[in-house]
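Here is the structure we will look at.
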Amino acid sequence: MKIGEALRKKRLELGLTQQEMCEGILSRPFYAKVESGKNRINAESLFKILFARQIDLVEFGKLVQGTYDSAENKAEKRYQSQMNMAVSTKDLKLMEKYCQDIIESSNDEILQLRALVALAYFKGELGGLSKEIRVKIKEKFDEGRNWTKRPELLGLLANTMLLWDQDDLNYWIGDLLKKAKKEAVSDLILERYLRLFENYLVICYERKADGKEYQKNRVDEVIKYIISVTAPFQLMIYRITALYLHALLTDQKGKAQKIKKDMEAYGYGNAIASWPE
């Protein structure tokens with residue numbers, strides 16, 4: 001949906017005339033041509049209208065995102081949707097098809113690397129990835145790329161965590177943690193951070209359970225950060241997951257079991273189905 005179409009949709013939902021919608025910001029004739037797609041509206045005027053009419057920016061953004069999103073973002077979303085479907089159905093053949101399509105047809109090197117790693121993981125062949133592929137992935141997390149704010153690189157880290165030894169993983173998570181504490185981020189980026197930190201805790205627990213050493217200091221820092229930013233109700237699941245994983249990591253199995261039983265009793269069995277035990 002184009003901006004003009006989205007403005008018209010929201011105006012009609014509010015029960016406003018075109019004059020009422022643009023009052024004090026644009027002339028009605030000019031605004032009418034914005035709705036019809038004949039005139040372009042500048043960012044300042046658009047935001048003035050959205051704020052004046054108390055239109056939710058996130059909701060409005062979702063209306064127009066499909067039209068103005070970049071080809072890379074569209075590819076990323078399609079990839080994620082396809083992979084989620086393949087993973088949820090545990091369909092390795094479907095997963096292999098989607099990954100192969102990306103590897104052969106995409107011009108996005110990061111997307112190709114994610115597909116290669118995802119396919120290797122689900123086939124149990126992570127250890128067989130070449131040194132060249134590993135070097136390429138490592139180069140993407142160079143500090144100069146500002147990787148902690150780029151969704152595609154956050155996605156790449158999420159896909160490749162199991163590839164790295166604990167020192168490398170601690171370094172990248174530490175870098176991400178430092179930036180997360182220091183800079184204000186959008187709700188969308190915050191949730192990406194929380195999912196990455198959650199994956200990190202799971203990997204630390206699995207390595208500990210396998211008798212491998214891990215650096216506990218990052219675990220404590222990550223859990224402290226998660227608790228500090230998850231007061232809003234919609235983020236509470238990340239806090240509870242962090243407390244559960246902390247109980248596992250500190251050998252408080254009884255506490256972990258109680259958290260899990262409480263979540264199941266409250267009807268969140270599906271939400272915690274992927275929790276390690």
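Cα centroid separation, segment 149-182 to segment 223-270: 22 Å. In this Cβ point-charge picture (+1 for Lys and Arg, -1 for Asp and Glu), the chain has a dipole of about 560 debye about its Cα centre.
With every protein chain present, what is the per residue accessible area of the chain (1.4 Å probe, Å²)?
For the chain, the per-residue accessible area is 58 Å².
Axis angle, to the nearest 10 degrees, between helix 3-14 and the longest C-alpha principal axis of the chain: 80 degrees.
Between Glu59 and Gln100, what's the calculated FRET efficiency when r is the beta-carbon distance and R0 is 51 Å? Round to 0.05. Efficiency computed from Cβ-Cβ geometry: 0.90. With respect to the chain, whose longest principal axis is taken over its alpha-carbon atoms, helix 92-105 is tilted by about 60°. Computed on protein heavy atoms with a 1.4 Å probe, the accessible areas place Asp165, Asp101 in the order Asp165, Asp101, largest first. When Tyr268, Tyr193 are compared by accessible surface with a 1.4 Å probe, the order from highest to lowest is Tyr268, Tyr193.
Cross-link partners for Lys182 among the lysines, with Cα-Cα distance under 20 Å and sequence neighbours closer than 8 places in the same chain left out: Lys149, Lys224. Lys pairs in segment 93-143, Cα-Cα under 20 Å, at least 8 apart or on separate chains: how many? Lysine pairs meeting the criterion: 4. Rounded to the nearest 10 degrees, what's the angle between the helix 253-265 long axis and the longest principal axis of the chain, both from Cα atoms, 0 to 90? The angle comes out near 40 degrees. Once both labels are positioned 7 Å from their Cα atoms along Cα-to-Cβ, the gap between Tyr171 and Gln257 label points is 4.1 nm. Placing unit charges on the Cβ atoms of the charged side chains and taking the dipole of the chain about its Cα centre, the candidate lying farthest along the positive direction among Ile3, Asn217, Val185 is Ile3. Sorting Ile189, Ile226 by accessible area puts them as Ile189, Ile226; the probe is 1.4 Å, largest comes first, and only protein heavy atoms count. For the chain, the residue among Tyr200, Trp164, Ile49 whose Cα projects farthest onto the positive side of the dipole built from Cβ charges is Ile49.
With distances taken between every two different alpha-carbon atoms, the chain has a Kirkwood hydrodynamic radius of 21.8 Å. In segment 97-146, the convex hull through the Cα atoms has an average projected area of 3.9 nm², a quarter of its surface area.
The values are calculated or read from the model by the stated rules, or taken from the named source; none is laboratory data. Just so it is clear, the structure is predicted and the values come from calculations on it, not from any experiment. Ideal geometry is used to build each Cβ from the backbone, glycine not excepted, and the neighbour counts take in all protein chains shown. The area values use the complete protein model at the heavy-atom level, side chains included, leaving out ligands, DNA and RNA. Shrake-Rupley method; radii C 1.70, N 1.55, O 1.52, S 1.80 Å.
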